[in-house]
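Below is one structure, written out as structure tokens; the observations come after it.
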Amino acid sequence: MDNLEIDTLVDWKKLSNLSEIGSYKTAEPFPHIVIDDLFSAEVLSKILLEWPLGSAAHERHNDGLYVKNKIGTNFETMLPIFTEIFLNKLMSPKFLVSLEELTGIGGLIPDPYNFGGGLHETKNGGKLAIHVDYNKHFKYKLDRRLNLLIYLNKGWCNSMNGDLELWDADMQQCVKKISPIFNRTVIFSTTSTSFHGQPIEVCCPVGMSRKSIALYYFSNGRPEESTTSNTEHSTIWKIRPDGSY
């Protein structure tokens, strides 16, 4: 597999410079960073070419209230080889160390099951209500610490909606909206108040959908924080000030 060596897959200089700036921890409404063109555009384009979702059996989420028209992979999904190697590279020691330097979170552990992660696709009319994620790994009971999202949407524009929204700890306002454009990466800390989601329904042309890669990272224990509960919970959905999800 050419072009999938870890040294050429990631713009390490960009990642190192961002670590030195140290703006991750002070970002509002919770620690996060948005990085454009972090990964090889050629590699991401190849992943799009072999994108496996569609008629095959994957996880389907469409409860009509919190989640609409969203599908994703799970650990039983047979991924195309190029995509599988890419995901494995983001679990490598070199990448883990770079994430630790960027975020200040030590001892990060990847999830070989990609539970809740992997490849995500939201069809026209799809949404994901504002929420906080499950906080313990379903099998290892490790603490969930970090989300990494990579967007793969070429030609995406604002009229299609689909922005990732980051909300304040009191769920009073959306502090930041992030357009899911191609080769945009979002990394953020997961706590009991890291409220986020894609609550505005996607409105894209026929043949398009909102595509992303999601990886989650864990640690064996976490510092005690006033914003984080140690009681295990699944996804917690949050209502917005206008009464909608």
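Neighbours of C204 by Cβ distance under 15 Å: Lys/Arg scored +1, Asp/Glu scored -1, total +4.
Normalised by 2.2 N^0.38 Å, where N is the number of residues, the alpha-carbon radius of gyration of region 135-245 equals 1.18.
Across q = 0.19, 0.23, 0.28 Å⁻¹, region 33-90 modelled as identical point scatterers on its alpha-carbon atoms has Debye log10 I(q)/I(0) values of -0.86, -1.01, -1.12, in the order of the q list.
Given q = 0.21 Å⁻¹, what are the Debye log10 I(q)/I(0) values for region 88-146, with equal point scatterers placed on the Cα positions and solvent ignored? Here log10 of I(q) over I(0) equals -0.99. Answer rounded, prolate or oblate for region 75-197, using the Cα gyration tensor with square roots of eigenvalues a ≥ b ≥ c: rounded when a/c is under 1.5, else prolate when a/b is larger than b/c, else oblate. It comes out oblate by the Cα gyration axes. Extension gain for K177-C157 works out to 5.9 nm (0.36 nm per residue, less the C-alpha to C-alpha distance).
Residues whose amide H comes within less than 5 Å of that of K176, counting only those at least five positions distant or on another chain, are L166 (H built at 1.01 Å from N in the peptide plane).
The convex hull defined by the C-alpha atoms of region 193-245 has an orientation-averaged projected area of 6.0 nm².
Once backbone amide H atoms are built at 1.01 Å from N, S192 has T228, S229 as its partners under 5 Å, excluding neighbours fewer than 5 places away on the same chain.
Average 1/r across all pairs of distinct alpha carbons in the chain, invert it, and you get the Kirkwood radius: 18.4 Å. Computed from the C-alpha gyration tensor, the three semi-axes of the ellipsoid equivalent to region 1-116 are 27, 20, 14 Å, from longest to shortest. Region 153-218: D in µm²/s via Stokes-Einstein (Kirkwood Rh, Cα pairs, 4 °C, 1.567 mPa s)? Roughly 98 µm²/s, to the nearest whole number. Here's the list of aspartates and glutamates a cross-link from K127 could span, going by alpha-carbon distance under 20 Å and ignoring same-chain residues fewer than 8 apart: E59, D63, D163, E165, D168, E201, D242.
As a proxy for reagent exposure, ranking D242, D36 by other Cβ atoms within 10 Å from fewest up yields D242, D36.
Readers should treat all values here as calculations from the given coordinates under stated rules, not as data from a laboratory. Predicted, not measured: the structure shown is a model, and the values here were computed from it. Note: ideal-geometry Cβ built from the backbone for every residue, glycine included; neighbour counts use all protein chains shown.
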